[in-house]
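Beneath this line is the structure, given in structure tokens, with notes to follow.
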Amino acid sequence: MNRITLITPPNSQAMNAARELQLSLIKPAGSLGELECITVQLAGITGTIPSTVSKKAICLFGSDHGIYEEGVCSSPQDFTRRLMEVYAVSQTGAINILARQAGAELRVYDLGVKGLGQHTNIITRKFLADGTADFLHGRAMSPETVREVIAFGIDIVRDMKREGFGLIGTGEVGMGNTSPACACIMAGLGTRDDSLVGRGAGLDDEALHNKKKVILEALNFHADNLTDPVNILSCVGGLDIAAMTGVFLGGAVYCVPVLVDGVISAAGAMMAYMIEPLTREYMIASHESAEPAYVHAAEYIGLTPCLKLGMRLGEGTGCAIMMHVIDDAIAIINSMGKFHEL
């Protein structure tokens, strides 16, 4: 966590140079909207003009969640393991396909998936073999575990930067993980507004009512300890959210842009922002998740998602799609003709 002190504001000179370059291109100023904003942000992160992204990756974190036992998810918990095996073996999951389409490498991490053994295409780092504990009755995990997982996420970005990766997407899989994500966001906002609680993978009205009740009871149970991001993650978080918190922090430490996916990813981004607000400058929001808590987290951080596709799958799928948009933004600033060349 000491590396967080290394985070600095983005390179303002490079950002100004990118703005000037955009003004020189043969188009009305600002007419390409967010594509122009992306290139300015990338310039600030990388310190270079024109920007390039030679290698892209999506980090997918798998973990199980004890809160599943409270009936907050409609899918069998074993789906976490089975989906992880799909990503690793048949490689036919949505994120496998979209990552390939985007030219991105998919890295899958087992942080604590029940019953999942070693696989060639899975990086195993089981912080808790069966995932987190049921946070309705106690902490999801210890603060020490949270710090270890955050440090692991920061290390991932450090290592990927050394490997030449210039753009990282965040994804996850874990049955029931919209509950810890929503709980973390509500705890960070200091709200008990249960309209932030969504249907996740498709709960019916009765199950949604139960999910809201469970989350509110858990937040009230832990109320005295929801004092900072580490304690929020410890009380009501998940291993996946903590790892993504570390990745967002790592992006700011090592000057690598990191993409925010859906609501679980947004919870990690929010925790990172609460630890160090400068991390926002190194985040790019991909799509607006259909989960209601997402909008509140994005507004709190100050992020504007570029895409609105009604998606709520997770896995980093929104990040993979957003990578095409970023490629287009870079192509424009690097290759478009200039007024003085007419």
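Since every read-out is calculated from the coordinates, none of them should be taken as a lab result. These figures come from a predicted structure and were not determined experimentally. Methodologically, a virtual Cβ is constructed for each residue, glycine included, from the backbone with ideal geometry; neighbour enumeration extends over all protein chains shown.
Here are some notes:
- Label-point separation in nm, Lys114 to Thr191, each point 7 Å along Cα→Cβ: 3.2 nm
- Using distinct alpha-carbon pairs, which all enter the 1/r mean, Kirkwood radius of region 135-210 in Å: 15.3 Å
- Each residue of region 239-251 was assigned a 3J(HN,Hα) from its phi angle through the Karplus curve 6.51 cos²θ - 1.76 cosθ + 1.60 (θ = phi - 60°); the sequence is 4, 5, 5, 5, 5, 5, 4, x, 5, 5, 5, x, x Hz, with glycine and proline shown as x.
- Residue with peak Gaussian network fluctuation, the chain [Cα springs, cutoff 10 Å], from Val256, Val53, Val149: Val53
- Extension gain (nm, one decimal) between Arg125 and Asp159, 0.36 nm per residue minus Cα-Cα: 10.7 nm
- On Cα atoms only, tilt of 317-335 relative to the major axis of the chain in degrees: 10 degrees
- Backbone HN-Hα couplings from phi across region 85-97 [Karplus 6.51/-1.76/1.60, Hz, Gly and Pro as x]: 5, 4, 4, 8, 9, 6, 6, 10, x, 4, 5, 4, 5
- Converting phi to 3J(HN,Hα) with the Karplus coefficients 6.51, -1.76 and 1.60 and the offset θ = phi - 60°, region 300-312 yields 4, 6, x, 9, 10, x, 7, 10, 10, 10, x, 8, 8 Hz in sequence order, with x at every glycine or proline.
- Tail beyond 39 Å, pair distance distribution of the chain (Cα, percent): 12 percent
- In this structure, Glu105 and Glu144 have a Cβ-Cβ separation that, at R0 = 51 Å, corresponds to a calculated FRET efficiency of about 0.95.
- Antiparallel content of DSSP bridges confined to the chain, in %, to 5: 5 percent
- Cα-based helix-to-principal-axis angle, 205-221 vs the chain, degrees rounded to 10: 90 degrees
- Computed [θ] at 222 nm, deg cm²/dmol, the chain (DSSP H ≥ 4; -39,500 (n - 2.57); rounded to nearest 500): -14500 deg cm²/dmol
- Region 94-251: radius of gyration and largest Cα-Cα distance (Dmax), Å: 16.4, 49
- Amide H contacts of Thr124: Asp110, each under 5 Å away and 5 or more positions distant or on a separate chain (H built 1.01 Å from N in the peptide plane; Pro and chain starts excluded).
- Degrees separating the helix 178-189 axis from the principal Cα axis of the chain, which is the longest one: 70 degrees
- Subtracting the Cα-Cα distance of His209 and Glu276 from their residue separation scaled by 0.36 nm leaves 20.7 nm.
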